[in-house]
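Every number in this text was worked out from the coordinates using simple rules, so none of it is lab data. Keep in mind that this is a model prediction, so the values were computed, not measured. Don't worry about glycine lacking a Cβ; one is built from the backbone with ideal geometry, like all the others, and counts go over all protein chains shown.
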Amino acid sequence: MDSVVQSIVDLLGGKVPGEIIVFLVSMMPLLELRGSLLAAGFINIEFLPAYVFAVLGNMLPIPFILIFITKTFEYMKKVRHLDKIAIKLEEKALSKREQIDKYGYFGLFLFVAIPLPGTGAWTGALLATLLKMKLTKAFVAIFLGVMAAGLVVSLISFGLIKNIF
């Protein structure tokens with residue numbers, strides 16, 4: 001992930017403000033919040049602006065995923081080669097459903113809040129949709145999870161843990 005984020009920073013650095021780079025990186029699947037806060041570290045953006053732009057950017061695609069992913073996957077399943085991608089994405093997301101099945105919206109919050117590979121707002125939104133959760137409650141759980149994950153990653157990325165101890 002470091003090299004991808006560094007490439008994006010190199011490509012956009014000096015051409016657009018650092019906060020916009022953080023915002024754009026946070027909207028990208030796989031990179032999301034963790035990648036954007038890493039980018040903030042590369043371009044020396046202070047904690048608060050980096051956190052705000054990372055959270056906002058990470059959340060921007062979520063309503064669209066919650067609303068349109070089911071129809072998108074239905075369409076993909078009718079198109080040769082895209083069908084395999086849709087099925088694989090659904091299976092991968094559903095393989096992580098145990099926590100959400102057990103704890104509901106709190107499980108969704110935890111799934112998004114714990115910054116591990118394969119977790120995050122995009123996968124959380126996909127899971128919420130596949131599990132037919134209420135979209136407004138799912139959005140709130142994902143938003144709170146993104147905020148919590150942002151704090152955890154920021155504590156590490158910005159060396160706030162070092163400063164506390």
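Structure notes:
- Approximate spin-label separation Ile67-Ser95, in nm, with each point projected 7 Å along Cα-to-Cβ: 3.2 nm
- Among Phe139, Phe64, sorting on how many other beta-carbon atoms sit within 10 Å of each Cβ, with the fewest leading, yields Phe64, Phe139.
- Per-residue Cβ neighbour rank within 10 angstrom, fewest leading, Arg34, Arg80: Arg80, Arg34
- Length gained when the stretch Phe106-Asn44 is fully extended (0.36 nm per residue, less Cα-Cα span): 18.9 nm
- Sites Asp83 and Leu56 - FRET efficiency at Förster radius 45 Å, r taken between beta-carbons, to 0.05: 0.85
- Put simply, the chain fits an ellipsoid with semi-axes of 28, 19, 13 Å; these come from the alpha carbon gyration tensor as the roots of five times its eigenvalues, largest first.
- Per-residue Cβ neighbour rank within 10 angstrom, fewest leading, Ile62, Ile85, Ile43: Ile85, Ile43, Ile62
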